[in-house]
Amino acid sequence: MQARSSGNAQGIDVSRYQGDIDWPKVKADGISFVFAKATEGISYRDPTFESNIAGAKKAGLIVGAYHFLTAKSTEAAKMEAANFAGAIKAVGGVHLPPVMDYENNPAGLGRAAINAIAQTFLREIESLTGAHPMVYTGNSFASNFNASLGKYPLWIARYG
């Protein structure tokens, strides 16, 4: 993992849990990019996504979006990708690659199902947006992924 350094680009990820954000202050603190939670599941849209993207863009930040994946089937993965693509379109697009946040398995799916769902979501979001997506996950959940996901950039969570 790359060590933090003042010479590295500094970014944050945000969702409704951060409340109202003072985007000019974020920019003044040296942050250059932000990933905002856009969607989760088939129909949920983060209620602060549009305002976070608008505020971050206005402050001159580079913006990206992520989707928290909850699909239990490839059919659901396609519907989740459509929800995510719709949210990205609603804000006029983003600068950074779309991100699939897949970091837990409450349904107890096997590795084959996890990989099929992830592949389906990633292919569908790329088809809908024209952008090559990224994968966000934690170290332990990443052990479920097979080599088929290796063509996507990987962002490992740094919890805490």
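The values are calculated or read from the model by the stated rules, or taken from the named source; none is laboratory data. Here the structure is a predicted model, which means the values were calculated and not measured. When we count neighbours, we look across all protein chains shown, and the Cβ atoms used for this are built from the backbone with ideal geometry, even at glycine. What goes into the accessible areas is simple: the full protein's heavy atoms, side chains included, and nothing from ligands, DNA or RNA. Shrake-Rupley method; radii C 1.70, N 1.55, O 1.52, S 1.80 Å.
Those strands (runs of 3 or more DSSP E) of segment 93-160 in which 1 or more residues are of a type in the set (Asp, Glu) and out of contact with any helix residue (DSSP H, G or I) (no Cβ under 6 Å at 6 or more places or on another chain) occupy 99-101.
Considering every residue within segment 89-101, establish whether at least one is small (Gly, Ala, Ser) and in contact (Cβ under 8 Å) with a residue 40 or more places away in the chain. Looking for residues that are small (Gly, Ala, Ser) and in contact (Cβ under 8 Å) with a residue 40 or more places away in the chain, one finds at least one in segment 89-101, hence yes. Working only within segment 30-53, note down all residues that are assigned to a strand (DSSP E or B) and surrounded by fewer than 22 Cβ atoms within 10 Å (Cβ to Cβ). Across segment 30-53, the qualifying residues are Phe33, Glu40, Tyr44, Arg45. Output the number of residues of segment 111-160 satisfying the condition of being acidic (Asp, Glu) and in contact (Cβ under 8 Å) with a residue 40 or more places away in the chain. Number of matching residues: 1. Being farther than 17 Å from Ser15 by Cα and at pLDDT 95 or above: is that true of Phe84 here? Here the answer is no, as Phe84 does not meet what is asked. Every test in (1) touching a strand residue (DSSP E or B) at 6+ places or on another chain (Cβ under 7 Å); (2) open to solvent by less than 30 Å² (accessible area, probe 1.4 Å) is passed by Thr120 save one, and that test is (1). I want to confirm something. Restricting to segment 54-75 and keeping residues that are of a type outside the set (Gly, Ala, Ser) and part of a loop (DSSP other than H, G, I, E, B), which single residue is most open to solvent (accessible area, probe 1.4 Å)? So the residue we want is Lys72.
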